[in-house]
1. For region 222-253, which positions are among the charged types (D, E, K, R) and at pLDDT below 85?
2. I'd like the residue in region 527-562 that is in contact with a helix residue (DSSP H, G or I) (Cβ under 6 Å, 6 or more places away or on another chain) and not in a loop (DSSP other than H, G, I, E, B) and, out of all such residues, is most open to solvent (accessible area, probe 1.4 Å).
3. For Ser34, work out the one condition from (1) closer than 27 Å to Ser277 by Cα; (2) among the small types (Gly, Ala, Ser); (3) open to solvent by 50 Å² or more (accessible area, probe 1.4 Å) it doesn't fulfil.
4. Please indicate, with yes or no, whether at least one residue in region 563-585 is closer than 17 Å to Ser475 by Cα, open to solvent by less than 60 Å² (accessible area, probe 1.4 Å), part of a loop (DSSP other than H, G, I, E, B) and in contact (Cβ under 8 Å) with a residue 12 or more places away in the chain.
5. Tell me whether region 469-486 contains one or more residues that are open to solvent by 50 Å² or more (accessible area, probe 1.4 Å), among the aromatic types (Phe, Trp, Tyr) and out of contact with any Gly (no Cβ under 8 Å at 6 or more places or on another chain).
6. State all residues of region 492-505 that are within 11 Å of Val456 (Cβ to Cβ) and surrounded by 13 or more Cβ atoms within 10 Å (Cβ to Cβ); if no residue qualifies, say none.
7. If I filter region 282-296 for residues that are touching a residue at least 12 places away in the same chain (Cβ under 8 Å), outside any helix (DSSP H, G or I), surrounded by fewer than 19 Cβ atoms within 10 Å (Cβ to Cβ) and not aromatic (Phe, Trp, Tyr), do I get at least one hit?
8. Answer yes or no: is there a residue in region 358-369 that is crowded, with 16+ Cβ neighbours inside 10 Å, under 28 Å from Leu216 (Cβ atoms) and either in contact (Cβ under 8 Å) with a residue 40 or more places away in the chain or not aromatic (Phe, Trp, Tyr) (or both).
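The values are calculated or read from the model by the stated rules, or taken from the named source; none is laboratory data. What you are looking at is a predicted structure, and each value in this text was computed from that prediction instead of being measured. When we count neighbours, we look across all protein chains shown, and the Cβ atoms used for this are built from the backbone with ideal geometry, even at glycine. Please note that ligands, DNA and RNA were not included when accessible areas were found on the heavy atoms of the full protein model with its side chains. Shrake-Rupley method; radii C 1.70, N 1.55, O 1.52, S 1.80 Å.
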Amino acid sequence: ERNLVAVERVAYSKGLPPEAISIMLEFAMSLRTSPCVRVLKCLIPATVVPQEAVVRAVVWLCVGKIPLSTQVLFIKWVLTMFDMIDAKDQLHSIYGFLFSFVTEENLVCVVMILLHLRLFRVRKLLDLQSKMGRQPFLMHLLSLYKVFCPELVTLSLPSRMKAGFRNHNSQWKSALIAVQKKNSFQVTSSVSLTVRLKDKTNPRKRKHNHLEVPALSSAVNTQTNPSSSRKLVPLVQLHSFSLLLENLHHIELPAQMGSLLGSSLALQYLDCVQDESAFLRLNFWLGHALHEEFLFCSSGVSQNSEEVLQFLDRLLSSQHFLQEGFSSTEAFLYKFLNIWDGSLLRPQILGMLSNIPVVPSSCIRQLLFEPLMQLFFTSTLFFKVDNMAAFLSEKRVENMTLSGFKDSLMELVHFVGRLASVGLQIEGCHSLLLSFILDFYETVCDMFLKYGLPLVVMPPAGVFYPALFATDPMSLLLFFFFFIRYKVNLMSAKTQEKQTEAFHISRQTYREFNHYLVVMVNCLWNSKMFQPGMGVEMEEELLVSSKVPQYWSSFDFIHHPAFLSYAVDFHHKCWPGSRNVDFNSIKPWGWYLEYLYAQGFEGLKQFVQSNISRRSTAGDGQGDGLSADQR
């Protein structure tokens, strides 16, 4: 009794050194009487807890004579002192052993969350859930597993649940804080060992506690404990990429994984090592922060909050650095899009949207298409433009076959085509929206040659005709450019089809391209617009009632709205003294086309040279239409 009182006095005043923690912990676990609880309660470390001591104590759990209450108390002690443990590598190795205690005590769930997540344990949890019912601690662990392996967790779990377990003991926590203050020793805790006090000075101002990106720091303060023999190198002690490479496989991750977002060196480590446990911990922290602040918050989120903007900008910067998005961000977006108004934090949300991978075609409509359609059709022009810009990003592929990826990508392109067609009608073929739509199809047209995908998707008529009749020259020239690229891709695909039977492009794609090409040549070159068999037909009575003279030539290279000002300027240069503009005098078009080429219309030059023959005819000296290779 006298010795125990002396130990308690030292423990609660100064804390116990690592050697004393090791001796007293093993002594406590070996006891079978009431002093065991008393010894465990006074195990307040002054600096760190040796990992070996915790592992030896876990071995004592194999002894069946240890009361269940003692086992529970030990688990609570481990949880409260988790961030004081000097290393975690051996604890990772006994993860499976700790998993077997799930049926006996819910607190072991927290230990497993802090240590490592193993997805192959999901099925056992489902079996326990069916036997024991909806226990809070099992529900919490299952909800965590569902974040990372939703296809295995088939249970429907509530979005919000009360705490199923506590991750600390109040008495131990208070004693530990007191010892730390006396010793001036601080620990960066992943389980929040310090008590958060509510800000009562300004109750209307809400602080986004979950969006605070912590500073990069080690789990323990090695400067205060220089005698600690640590095999791992804390990431915070590395200040250059060369040091990172030297210690690449001996790095200790920080206690708070969110701090990785604030360090380019930490992101380089994630990119180089691809540590599964690091990504799981970071995704868990990030998913919790996003859900708590944007989905579960009853007071809402202010887009003018500097804290929110800084957090999302840092998240986007980290994803751009890694050139991929986080899985937790992807899961958050699928839920958030259903309640998003399209204006709240729009640049940041669309930026995250552009980083998600290609979704399987079986669920892409429900996850993306339906919420985006509602937003697109009810939003402003600038949201439509930003939305199109988000679709321009290159998508990564995860756990999908080539055929599955091809189907999903085709669904995505067709979906964007439908959005673009309706959007152009709603916005009156606005040139800004049309420009971004053409930028999207500039990427789509090269999917075969540039990205190696056996896929060529033509734009729908709702995009083709507004682009063909565009009033600004730049949109029309971009249209010429990607139409040429479509031809190059299709010709290369046809050549490869002859070489291998496994490769196939739909015949419908070739028919669509040829139909569009006939329309373009008849419209721009042959001056046969609206005539029967020329692709675009209208009733004769309607055309006559428009009172447009020579309506069949309204969209050729001279009368087209995008080239009309150039035709007038060319006429003035050729006949400077003429007061009347006679466009018929410009024919033949040879010199006029050379004049357009000199204005920088390189796309027009390539289109004419590759698709239109320049043989003179007796009528007007123009070519007769399609070139030989197109026929």
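1. Those that are among the charged types (D, E, K, R) and at pLDDT below 85: Arg230, Lys231, Glu252.
2. Tyr551
3. (1) is the only condition that Ser34 fails.
4. Within region 563-585, one or more residues are closer than 17 Å to Ser475 by Cα, open to solvent by less than 60 Å² (accessible area, probe 1.4 Å), part of a loop (DSSP other than H, G, I, E, B) and in contact (Cβ under 8 Å) with a residue 12 or more places away in the chain.
5. yes
6. Listed by number, the residues that qualify are Ser492, Ala493, Ile505.
7. No, the conditions are met nowhere in region 282-296.
8. The answer is no; no qualifying residue exists.
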